[in-house]
Amino acid sequence: MLNIKDKVVLITGASSGIGEATARFLAAKGAKVVLGARRIENLQTIAAEIQAAGGVVCFTALDVTQKEQLIEFLQFAQTQFGRVDVLVNNAGLMPLSLIEDLKVEEWDKMIDVNLKGVLYGIAAALPIFQAQNSGHFVNITSIADRWIGPTATIYCATKHAVRVISEGLRQEVGSNIRVTIIAPGATESELPNTISDPEMKKAAIEQFRIDLLPAEAIAHAIAYAVEQPANVDVNEIVVRPSAQKY
Ligand code: NDP
């Protein structure tokens with residue numbers, strides 16, 4: 001049976017873009033959604049709108065660079081709804097720059113959020129999934145999980161790493177726990193705001209961010225993976241705008 005209804009779905013980085021669209025779409029399909037991000041005022045607005053539309057939602061502040069906050073995020077969901085069915089590891093940032101610019105602090109941030117944040121999410125959820133004998137990790141990578149290009153090298157490295165970790169996790173956890181990566185192409189969101197260099201941001205928008213997918217397109221891909229029967233593990237979905245060349 002295909003199902004999303006009543007699944008408890010946790011989403012990191014749910015305050016804008018793909019995370020927000022996923023929260024709205026899955027809630028409309030009957031999931032109980034648990035939202036986490038740092039911009040609590042955004043979460044408040046999104047949750048109120050989901051609730052007004054008849055959805056079931058709760059939210060809490062979450063910084064994925066703090067591993068104890070991921071543990072608390074999972075505990076919060078369990079307290080609210082008694083179980084956790086899906087963790088969407090979505091929080092991410094993409095401050096593009098050339099390596100020679102040595103923006104080491106931005107490299108650190110990408111590693112902390114895009115890579116370690118996902119690992120902390122896995123570490124917090126895995127014992128719960130094992131105890132339940134069920135669970136589903138949905139890790140949002142990017143086409144940068146298999147592609148490399150100038151200015152995006154460190155971003156690509158973090159996303160390649162998440163693809164590798166996801167496949168290793170899939171092989172290790174056995175048949176009751178599912179692992180999916182969703183690899184979006186250029187998608188409408190606030191992601192370019194994380195590029196600190198104004199010239200780099202302008203160039204990235206002109207060169208790469210054309211014919212963007214709506215964030216809902218990625219939400220639909222996530223829903224497809226989530227709604228499959230327990231014995232069907234959709235491992236990878238790559239979604240690009242039709243016009244995207246890279
Ligand atoms: P947005 O900038 O709109 O969303 C990023 C989300 O990540 C925000 O909700 C932000 O919330 C959250 N976030 C950032 N840092 C932290 C943190 N330390 N702790 C918790 N949450 C954090 O961009 P997208 O929706 O595009 O990004 C979502 C994912 O999709 C990312 O992993 C990105 O790499 C990936 N992706 C996006 C593509 C695109 O073209 N848009 C293409 C391919 C992949 P807050 O600031 O409130 O904490």
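Every number here is computed from the coordinates shown, using simple stated rules; none is lab data. Values in this document were obtained by computation on a predicted structure and should not be read as measured data. We place every Cβ from the backbone using ideal geometry, glycine too, and count neighbours over all the protein chains shown.
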How fast does the chain diffuse by Stokes-Einstein, in µm²/s, taking the Kirkwood radius from C-alpha pairs at 25 °C and 0.890 mPa s?
137
Taking every other residue with Cβ under 11 Å from the Cβ of A203 and scoring Lys and Arg +1, Asp and Glu -1, one gets 0
Provide the net charge surrounding K7, with neighbours chosen by a C-beta distance below 11 Å and charges set as Lys +1, Arg +1, Asp -1, Glu -1.
+1
What does the charge count around W107 come to, taking other residues whose C-beta lies under 15 Å from its C-beta (Lys +1, Arg +1, Asp -1, Glu -1)?
-3
Nothing charged except the Cβ atoms of Lys and Arg (+1) and of Asp and Glu (-1): what's the magnitude of the dipole of the chain about its Cα centre? Round to the nearest 20 debye.
540
The percentage of Cα-Cα pairs in the stretch 39-81 separated by more than 15 Å is 50
For K159, counting only lysines whose alpha-carbon sits under 25 Å away and dropping same-chain residues fewer than eight positions off, the answer is K67, K103, K109, K116, K201, K202, K245
In whole Å, what three semi-axes, largest first, describe the equivalent ellipsoid of the stretch 1-74 built from its Cα gyration tensor (square root of 5 times each eigenvalue)?
20, 14, 9
